[in-house]
Amino acid sequence: MGNKVEGNMSGAFELSEKAAVVTGGSKGLGLAMAAYVAEAGADVMIVSRHLGEGEAAAEAVRRQGRKVLAISADIREPDQCGMVVTKAVEAFGKLDILVNNAGVNIRKPLVEYTETEWDTVLDTNLKGLFFCSQAAAKVMMTQNRGRIINMSSAAAQIGVPLLGPYCASKGGVTQLTKVCALEWAGHGITVNAIGPTYIKTPLTEEWVSDPERYEQIIRRSAVKRLGETSDLRGVLLLLASDASDYITGQTFYVDGGSLAGWPIEW
Ligand SMILES: NC(=O)c1ccc[n+]([C@@H]2O[C@H](COP(=O)([O-])OP(=O)(O)OC[C@H]3O[C@@H](n4cnc5c(N)ncnc54)[C@H](OP(=O)(O)O)[C@@H]3O)[C@@H](O)[C@H]2O)c1
């Protein structure tokens with residue numbers, strides 16, 4: 001006997017009645033992802049250090065008709081990660097989805113990094129992501145259900161000159177994603193990561209606007225363009241929704257084929 005085929009897939013990626021937290025949701029990819037989960041039906045809490053920017057983002061996302069709040073927190077501080085989750089549960093009564101998106105980058109040769117610069121990148125991209133996940137998982141365990149989605153990067157797979165701490169942090173995100181997935185699967189929590197290549201945001205704008213660098217990035221891409229924030233929408237909603245119950249511990253690269261190999265025309 002084959003497996004039974006059933007169900008109406010039209011609403012497979014919908015998130016109505018879900019409650020989400022998006023760290024770094026005030027701009028760039030986080031703002032876009034906050035809008036996508038709200039558009040799919042979820043209430044959203046946007047986290048960033050600058051409350052004014054977070055509130056402006058929340059106002060824009062609120063137009064999707066959902067409850068959208070902004071909160072100021074620095075995720076490098078574990079206590080503040082805990083506070084974010086507590087406030088989200090107070091506001092929404094639960095927490096279904098955590099998008100660990102907040103991240104920073106500092107570009108310079110390895111021999112020039114200071115300890116403070118190293119700590120800034122690792123504490124935001126890896127330590128903060130871990131303590132937000134830990135706080136969220138404690139709540140999700142009581143619900144026996146949850147979705148954690150981490151922002152990794154193509155830089156988790158390949159080394160990139162001038163991005164030493166960033167590559168180390170994103171490699172760490174991809175590995176940590178696997179361990180969280182294994183430890184929390186028994187509690188109904190899935191943990192996956194998304195790894196984009198270059199998408200124009202405040203983080204990358206100056207870099208990708210340089211014509212020579214742009215050309216080098218495009219040369220590596222199989223589809224010959226930069227990513228768009230909208231390229232993240234499908235995989236984000238898949239991983240946030242009930243459709244991904246059987247998917248955990250994975251990193252999904254949204255990279256226009258950049259990691260597939262060597263896009264040479266013989
Ligand atoms: N753009 C790309 O091409 C690309 C490619 C691969 C991966 N990524 C990853 O995707 C994520 C988002 O990147 P992006 O390009 O959208 O960056 P972005 O435009 O610079 O936005 C970063 C967000 O993170 C917040 N943030 C930074 N440090 C924080 C902290 N300590 N505590 C709380 N919030 C903090 C920022 O708000 P405040 O400054 O107000 O705190 C902002 O909302 C990052 O993890 C990045 O590594 C991006």
So Gly128 fits all but one of (1) more than 13 Å from the ligand (Cβ to nearest atom); (2) touching an Asp or Glu at 6+ places or on another chain (Cβ under 9 Å); (3) open to solvent by less than 10 Å² (accessible area, probe 1.4 Å); (4) not hydrophobic (A, V, I, L, M, F, W, C); what number is the exception?
(1)
Does Leu51 count as farther than 24 Å from Gln143 by Cβ and touching a residue at least 60 places away in the same chain (Cβ under 8 Å)?
no
Does the range 140-153 contain at least one residue that is among the basic types (Lys, Arg) and at pLDDT 95 or above?
yes
Single residue of Pro161, Pro202, Pro165 found to be part of a loop (DSSP other than H, G, I, E, B) and within 12 Å of the ligand (Cβ to nearest atom)
Pro202
Would you confirm, using the coordinates I've provided, whether Glu183 is within 14 Å of the ligand (Cβ to nearest atom) and of a type in the set (D, E, K, R)?
no
The condition of being more than 8 Å from the ligand (Cβ to nearest atom), in contact with a Lys or Arg (Cβ under 9 Å, 6 or more places away or on another chain) and modelled with pLDDT of 95 or more holds, among Val37, Val84, Val22, Val111, only for Val37
Selection from the range 92-115 of residues that are among the hydrophobic types (A, V, I, L, M, F, W, C) and surrounded by 16 or more Cβ atoms within 10 Å (Cβ to Cβ):
Phe92, Leu95, Ile97, Leu98, Val99, Ala102, Val104, Ile106
Go through (1) open to solvent by less than 10 Å² (accessible area, probe 1.4 Å); (2) more than 8 Å from the ligand (Cβ to nearest atom); (3) within 17 Å of Ala102 (Cβ to Cβ) one by one and return the number of the condition Gly195 breaks.
(2)
Restricting to the range 210-234, count the residues that are in contact with a Lys or Arg (Cβ under 8 Å, 6 or more places away or on another chain) and away from the ligand (no atom under 11 Å from the Cβ).
1
Restricting to the range 91-146, what's the tally of residues that are over 24 Å from Ala70 (Cβ atoms) and among the charged types (D, E, K, R)?
7
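Can you name every one of the helices (runs of 4 or more DSSP H) wholly within the range 43-146 that holds 3 or more residues which are within 24 Å of Ala185 (Cα to Cα)?
In the range 43-146, the matching helices (runs of 4 or more DSSP H) lie at 78-92, 129-143.
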Mind telling me which of the residues Leu15, Leu29 ends up being in contact (Cβ under 8 Å) with a residue 40 or more places away in the chain, open to solvent by less than 50 Å² (accessible area, probe 1.4 Å) and part of a loop (DSSP other than H, G, I, E, B)?
Leu15
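The values are calculated or read from the model by the stated rules, or taken from the named source; none is laboratory data. Since the model is a prediction, treat every value here as computed from it, not as a measurement. When we count neighbours, we look across all protein chains shown, and the Cβ atoms used for this are built from the backbone with ideal geometry, even at glycine. To get the accessible areas, we keep the full protein, side chains included, count just its heavy atoms, and leave off ligands, DNA and RNA. Shrake-Rupley method; radii C 1.70, N 1.55, O 1.52, S 1.80 Å.
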